[in-house]
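The values are calculated or read from the model by the stated rules, or taken from the named source; none is laboratory data. All values reported here derive from a predicted model rather than from experimental measurement. For neighbour counting, all protein chains shown are included, and Cβ atoms are generated from backbone atoms with ideal geometry for every residue, glycine included. What goes into the accessible areas is simple: the full protein's heavy atoms, side chains included, and nothing from ligands, DNA or RNA. Shrake-Rupley method; radii C 1.70, N 1.55, O 1.52, S 1.80 Å.
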Amino acid sequence: MVFEGLSSKLQDTFKKLKGKGKLTEKDIKEATREIKLALLEADVNFKVVKSFVKNINERALGADVLKSLTPGQQVIKIVNDELTSLMGGQPVKLTYSPKGMTVLMLVGLQGAGKTTTAGKLAAYIKKESKKVLLAACDVYRPAAIKQLQVIGKQVDAEVFADTEEKNPVVIAEKALKYAKEHFYDVVIFDTAGRLHIDEALMDELVQIKKSVTPDHIILNIDSMTGQEAVNVAETFNEKISLSGVILTKLDGDTRGGAALSVASVTGKPILFAGMGEKLTDLEIFYPDRMASRILG
Ligand code: GDP
């Protein structure tokens, strides 16, 4: 998992804390310094680290902790709580529109995993006994429509595509009409990405948003892209107001700390985590479980 380095560093710090019967202020300061370095090394955004460490220090230096019989355990619990809250606190489930069809729009940079995630989500939603349509709105990447069609077959979900039409906004409108006429419960729009954020892409997404009025706009973030993940999340959120995030490639082996910062920076929940290339590799994101996984 992307957090292995962070995990082993934090565990080392915790081992030291647990090894001591009593803790002094100095011990706690030393531990928080180590935690800070571990987070920064794991690529967690520095602003996020700063406020995280401040919270830990304030709580851990509280008289109750130092006086308690198991101060080390208390500090570990505080770190666990704060890490959970940094990743959004309570898990947020994908909700469906109470009246009629639910419209999901997947956005993100090229290669972030949108098309794969569209398939994973279709499989997940189908399991909830809903009829799902996938709509192929990426007209720029030559193989994108074909890729979605292949994925649609694998998860047994219909794909709306129009290879003649070059305007993604028109395709989106047609797909929405088709979905309504055929009584789909959920339609997932797979949109185009670019290698970097640009105005044209954002304008196109704004147009699609206007024409299909999504219930949820979900940003796919590649967990292995480092600090860029934070900029991407901030920009997309400013321009098209996200409802949530899916962190993809959390099964990777590079530092994934930046991805952890995304919930904190945007204030938007992490709904799911992509844990592999297979279409079953999608997990609901539970901040508390992820914190426990990281802290070991
Ligand atoms: P798009 O350009 O945003 O539509 O991205 P794709 O869906 O084409 O995905 C880009 C690459 O990332 C593909 O090779 C996918 O198999 C891979 N990918 C997507 N999600 C995951 C994931 O959660 N884990 C791993 N390991 N690979 C993923």
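Here is how the numbers come out for the structure above:
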read-out: Long-range neighbours under 9 Å by Cβ, at least six apart or interchain, first residue in a helix (DSSP H, G or I) and more than 10 Å from the ligand (Cβ to nearest atom) within the range 134-162, second open to solvent by 80 Å² or more (accessible area, probe 1.4 Å) and at pLDDT below 95; value: 145/163
read-out: Test: residue in the range 245-257 that is on the phi > 0 side of the Ramachandran plot and among the basic types (Lys, Arg); value: yes
read-out: Residues of the range 37-47 classified as in a helix (DSSP H, G or I) and open to solvent by less than 10 Å² (accessible area, probe 1.4 Å), total; value: 2
read-out: Check on residue 141, of a type in the set (D, E, K, R), out of contact with any strand residue (DSSP E or B) (no Cβ under 7 Å at 6 or more places or on another chain) and within 23 Å of residue 252 (Cα to Cα); value: no
read-out: Output for the range 108-133, where each listed residue is near the ligand (Cβ under 9 Å from one of its atoms) and either out of contact with any strand residue (DSSP E or B) (no Cβ under 9 Å at 6 or more places or on another chain) or of a type outside the set (Lys, Arg) (or both); value: 108, 109, 110, 111, 112, 113, 115, 116, 117, 118, 119
read-out: Members of the range 238-268 found to be open to solvent by 30 Å² or more (accessible area, probe 1.4 Å) and more than 9 Å from the ligand (Cβ to nearest atom), listed by number; value: 238, 239, 241, 243, 253, 254, 255, 264, 265, 267, 268
read-out: From 205, 201, 176, residue being part of a helix (DSSP H, G or I) and at pLDDT below 95; value: 201
read-out: When residues of the range 48-70 are limited to those that are modelled with pLDDT under 90 and part of a helix (DSSP H, G or I), the one surrounded by the most Cβ atoms within 10 Å (Cβ to Cβ); value: 65
